[in-house]
Amino acid sequence: MKAPKECPMCGEKEKWKYIDDAKKGFSGGKALAGGILLGPIGLVAGALGKKKHLYICASCGFQHEYDK
């Protein structure tokens, strides 16, 4: 995902900075479904989580993670 269009705190539209990405979250539902469909490999796939991008507003410092 691209940087947000507007800061929810100050309304800034141009000064967004990309900071980092991280993998977040274990999905028990995905692990269970993967385990049923694919066995042990599916359980591991459920633990992978989602990739998130962290952006910060250079104007007010608001930070938020967005899905990739």
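Here are the numbers:
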| quantity | calculated |
| --- | --- |
| Residue that is most open to solvent (accessible area, probe 1.4 Å), among those in segment 38-53 that are in a loop (DSSP other than H, G, I, E, B) and either within 27 Å of His64 (Cβ to Cβ) or at pLDDT 75 or above (or both) | Leu48 |
| Subset of segment 12-37 that is at pLDDT below 75 and in a strand (DSSP E or B) - its residue that is most open to solvent (accessible area, probe 1.4 Å) | Lys23 |
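The values are calculated or read from the model by the stated rules, or taken from the named source; none is laboratory data. A quick note: this is a predicted structure, and the numbers were derived from the prediction, not measured. Positions of Cβ are generated from backbone atoms using ideal geometry, with glycine treated the same way; all protein chains shown enter the neighbour counts. Note: areas computed on protein heavy atoms with side chains; ligands, DNA, RNA excluded. Shrake-Rupley method; radii C 1.70, N 1.55, O 1.52, S 1.80 Å.
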